[in-house]
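These notes concern the structure reproduced below.
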Ligand SMILES: [Zn+2]
């Protein structure tokens, strides 16, 4: 990417966090698979041994289930600050525990904020650098970000990528979940062309 011409126009897109993903797990009462974090963590002490669970609730019947975080660990093996945060149901810790579950449904957890309402990527000739910043590690298809962010159809986005006018660090159908940047250039940017002809 570093070989690509430096663009004067820069844009920041933010994959904004709307909420926590659902934990996918079959409810023993009703068989539903989506659970939400209740915001609570339970810590049980048995002598010097601790059990720590993340509590989740079935989205259909509200039954609470426990997900083990630590089982029968010696109290001295846990970082004290972390233990206090477990006991306080610290929201950042709840978020971290949810995010590290193996099966998650990220539907509805994010939205895309862009700051380029007037840039027409199909017709503007000025190169543009876009930094996509993630507030949450939701796996999002690059194609979906581009169609949403540029307000274009999937075929239109694919054409721009195929023509080399949008340069991506990954395949268009790849899923990303961390910051990346891409470059967009006008139709004449690869040809020498008359200088100073680019329009705003
Ligand atoms: Zn249920």
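The values are calculated or read from the model by the stated rules, or taken from the named source; none is laboratory data. All of these numbers come straight from a predicted model, not from anything done at the bench. A quick note on method: Cβ atoms are made from the backbone with ideal geometry, for glycine too, and the neighbour counts reach across all protein chains shown.
Of all residues in segment 62-93, those that are part of a loop (DSSP other than H, G, I, E, B) and either under 17 Å from residue 39 (Cα atoms) or touching a strand residue (DSSP E or B) at 6+ places or on another chain (Cβ under 7 Å) (or both) total 6. Applying the condition of being in contact with a helix residue (DSSP H, G or I) (Cβ under 7 Å, 6 or more places away or on another chain) and at pLDDT 90 or above to segment 115-149 and asking which residue is nearest to residue 166 (Cα to Cα) yields 146.
Does segment 103-123 contain any residue that is over 18 Å from the mean Cα position of the chain (by Cα), exposed (fewer than 14 other Cβ atoms within 10 Å of the Cβ) and within 15 Å of the ligand (Cβ to nearest atom)? Checked against the condition, which is being over 18 Å from the mean Cα position of the chain (by Cα), exposed (fewer than 14 other Cβ atoms within 10 Å of the Cβ) and within 15 Å of the ligand (Cβ to nearest atom), segment 103-123 yields no hits at all. Of the residues making up segment 72-86, not a single one is more than 27 Å from residue 52 (Cα to Cα) and without any contact (Cβ under 8 Å) to a residue 40 or more places away in the chain.
Each residue in segment 23-42 was checked for being in contact with a helix residue (DSSP H, G or I) (Cβ under 8 Å, 6 or more places away or on another chain) and within 13 Å of the ligand (Cβ to nearest atom), and 1 pass. When the criteria are applied in full, residue 69 meets the requirement of being modelled with pLDDT of 95 or more, outside the structural domain of residue 138 (by TED's automatic domain parsing) and more than 11 Å from the ligand (Cβ to nearest atom).
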